[in-house]
1. Which ones in region 106-164 are in a helix (DSSP H, G or I), at pLDDT below 90, of a type in the set (S, T, N, Q) and surrounded by fewer than 17 Cβ atoms within 10 Å (Cβ to Cβ)?
2. Looking only at region 39-96, filter to residues that are modelled with pLDDT under 80 and assigned to a helix (DSSP H, G or I); which one of those is most open to solvent (accessible area, probe 1.4 Å)?
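The values are calculated or read from the model by the stated rules, or taken from the named source; none is laboratory data. All of these numbers come straight from a predicted model, not from anything done at the bench. In this analysis, Cβ positions are derived from the backbone assuming ideal geometry, glycine residues included, and neighbour counts consider all displayed protein chains. Calculation scope for accessible area: heavy atoms of the full protein, side chains included, ligands and nucleic acids excluded. Shrake-Rupley method; radii C 1.70, N 1.55, O 1.52, S 1.80 Å.
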Amino acid sequence: MDKTVEDNFVTLLEENQNIVHKICRLYTNNRDQHNDLFQEITIQLWRAFPKFRGDSKFSTWMYRVGLNTAITLYRKSKRTVQTQDFDSVMFRISSQEYDDTVEQQLKLMYSAVKELNDIDKALVFLYLEDKNYSEISETLGITEVNARVKMNRVKKKLKKILNP
C-alpha cells in the first residue's frame, strides 16, 4: 500500500478510535484483554481497509468490522465473554449530597446487558450509541425490519431481567 492510503487509515482510526475502545469495554473484562482486542480489531480494520469503498460512513464500517471481530474472536476461543465490572469504571463524585440513583440504575442496566448473547449485546450497544435502525442493520448485516424485531425482543428480555 502506498503512503497516502496508510496516512488516510491512521487519520480515520485516530478520529474514530473511541468506537473501538467502546467495543473492547463491552466484550472484555480487564486491561490486557482490552488491549489485545483493540490490537486485533485494528489489524482487521487495516486488512479490510483496501476493500472499504465508502458506500457507508467510515464509522459505520468501523462498528461492523469491530463488532464482528470481537464476536468472532470470542466464539472461536469458546470461552464465556466477561465484561469489565461497571464499578471499576465509575467515577464517583465525593459529595455528601450525591444521589446515586442514576448510578445504581446504570449498574443494573449494565448487569442486565451482560446477560445477553453477543449479537443482542451489539444491538443494544448500537442502539445506546443513538444509531438509527438503518445504521444498525447495515452494521450488523441484517435487515432493518429484523433489527427492529430483534430490538423489541431484547427490550422484553431486559425488562424480564430487570423486573423478575
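1. S111, the sole residue that qualifies.
2. K76
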